[in-house]
Amino acid sequence: MLLSGLLVLSFTQGGDEAVLILNGGIKKSFDLVITLVPIMCFWSGIMEVADKCGITKTVSRILSPLTNRLFGKEYKNTEAMHRISMNMSANLLGMGNAATPLGLEAMRALDDINPTPRKASRAMCMFIVINTASIQLVPSSVIAFRSQMGSQSPSDIMIPTVLTTICAFLAGTISAKICERFSV
């Protein structure tokens, strides 16, 4: 795909123009990575410290009424539920970059206790829905993007983001629960 894109770019823009466009894209990509990597490292470190200090266990306990209702009591007090709570916490704070590795860990933990290997369990499907439609109280990654792009007020998106993610979360979890009832 990359090669075909380069060929089309070369034919439509000419060789010299294609090189200039390619170099500009590489520079923008590099600038974006340089902006995001420190944020990701910072939040991943914060989550690791929170885990070591036991803060995530407290958050897991606070979220347990919700997670028990969504996943069922059979997952209560499992490593999977702890990882899910960490992922939900990171997503709540808008730390999508830090939430990704936590989500992968949660999915691995769910897979370890999955009674039917090679087939997603109901808990795994619910986790995908929750992770995709994650409620964000502070969309820090998007605020960082907006700030980098020169926005005069990068945090103006907070209220629309909270409302939108709550609606997405409710729609996703209700749909998943309905599908759960009708699946065999």
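Each value in this text was obtained by applying a stated rule to the coordinates, not by laboratory testing. Note that the coordinates shown come from a computational prediction; the quantities given were computed from them, not determined experimentally. Glycine gets a Cβ as well: all are built from the backbone with ideal geometry, and neighbour counts include every protein chain shown.
Working from the Cα coordinates of the range 47-182, the gyration tensor eigenvalues give, after taking √(5λ), semi-axes of 27, 18, 13 Å in decreasing order. Can you tell which of MET149, MET47, MET126 shows the greatest fluctuation in a Gaussian network model of the chain with Cα springs below 10 Å? The residue that fluctuates most here is MET149. Between THR165, THR116, THR78, the GNM of the chain built on Cα springs shorter than 10 angstrom shows THR116 fluctuating the most. If you run the Gaussian network model on the chain, springs between alpha carbon atoms under 10 Å, then out of VAL162, VAL142, VAL33 the most flexible one is VAL33.
Take the Cα of LYS57, go 7 Å toward its beta carbon, and none of the backbone nitrogen atoms of the range 89-118 fall under 11 Å from that spot. Cβ crowding within 10 Å ranks ASP51, ASP16 as ASP16, ASP51, fewest other Cβ atoms first.
By counting other Cβ atoms within 10 Å of each Cβ, how are ARG118, ARG83, ARG146 ranked from fewest to most?
Working: ARG118 6, ARG83 23, ARG146 17.
Fewest-to-most ranking of ARG118, ARG83, ARG146: ARG118, ARG146, ARG83.
Helices in the chain, meaning DSSP H runs of at least 4 residues, each add -39500 (n - 2.57). Divided by all residues, the mean residue ellipticity at 222 nm is -26500 deg cm²/dmol. Exceedance of the 32 Å cut-off in Cα-Cα distance is limited, within the set LYS57/LYS119; LYS27/LYS119; LYS52/LYS73; LYS57/LYS177; LYS28/LYS57; LYS52/LYS76, to LYS27/LYS119; LYS28/LYS57.
Remind me, relative contact order of the range 1-89 in percent, using alpha carbon pairs under 8 angstrom and six or more residues apart? If you can, show how the numbers build up before the last one.
On the way: 25 pairs, mean separation 18.4, N = 89.
For the range 1-89, the relative contact order is 21 percent.
Cβ-to-Cβ counts within 10 Å put LYS177, LYS27 in ascending order as LYS27, LYS177, the fewest first.
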